[in-house]
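Structure first, commentary second.
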Amino acid sequence: QVQLVESGGGLVQAGGSLRLSCAASGRIFSSYNMGWFRQAPGKEREFVAAISWRGGSTLYADSVKGRFTISRDGRKNTEYLQMNSLKPEDTAVYYCAADQRYYGLRSQEYDYWGQGTQVTVSS
């Protein structure tokens with residue numbers, strides 16, 4: 001079992017930055033592929049970014065490429081999502097996810113999920 005807890009969400013003006021954290025506990029964090037997803041009101045959950053278990057590979061949604069950076073710190077069992085140049089359309093609940101085998105953008109493939117953290121970007 002892996003437990004995931006997100007933090008770092010909040011209210012920010014357009015153009016601002018936030019860093020989300022996802023603290024993992026339970027089984028060996030370093031052996032899990034990690035991802036970030038988001039869900040805006042009335043919309044389906046969508047992929048944001050993913051990082052492989054070794055941290056050597058990353059994937060980004062086109063909508064965030066160049067603005068968001070995913071990373072992980074094995075010593076702290078924590079995954080991060082640095083979000084810069086935020087836009088109102090980035091407003092959503094952000095979720096981190098983990099899976100030991102799958103690395104990619106399909107949410108249904110991830111076994112473990114956090115409870116989410118709200119990000120609101122004002123115009």
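Worth a mention:
- So residue 52, is it touching a Ser or Thr at 6+ places or on another chain (Cβ under 8 Å) and open to solvent by 30 Å² or more (accessible area, probe 1.4 Å): no
- Any hit, the stretch 49-58, residues being of a type in the set (Val, Ile, Thr) and closer than 16 Å to residue 97 by Cα: yes
- Failed criterion for residue 32 (all others in (1) of a type outside the set (A, V, I, L, M); (2) over 24 Å from residue 11 (Cβ atoms); (3) open to solvent by 30 Å² or more (accessible area, probe 1.4 Å) hold): (3)
- Enumeration of residues in the stretch 1-24 that are within 16 Å of residue 97 (Cβ to Cβ), out of contact with any Cys (no Cβ under 9 Å at 6 or more places or on another chain) and open to solvent by less than 30 Å² (accessible area, probe 1.4 Å): 2
- Within the stretch 55-69, being open to solvent by less than 60 Å² (accessible area, probe 1.4 Å) and part of a strand (DSSP E or B) holds for 60, 68.
The values are calculated or read from the model by the stated rules, or taken from the named source; none is laboratory data. All figures in this text were calculated on a predicted structure; none of them were measured in a lab. Note that each Cβ is placed from the backbone with ideal geometry, even for glycine, and that neighbours are counted across all protein chains shown. Side chains are part of the model used for accessible areas, which takes the heavy atoms of the whole protein and leaves out ligands, DNA and RNA. Shrake-Rupley method; radii C 1.70, N 1.55, O 1.52, S 1.80 Å.
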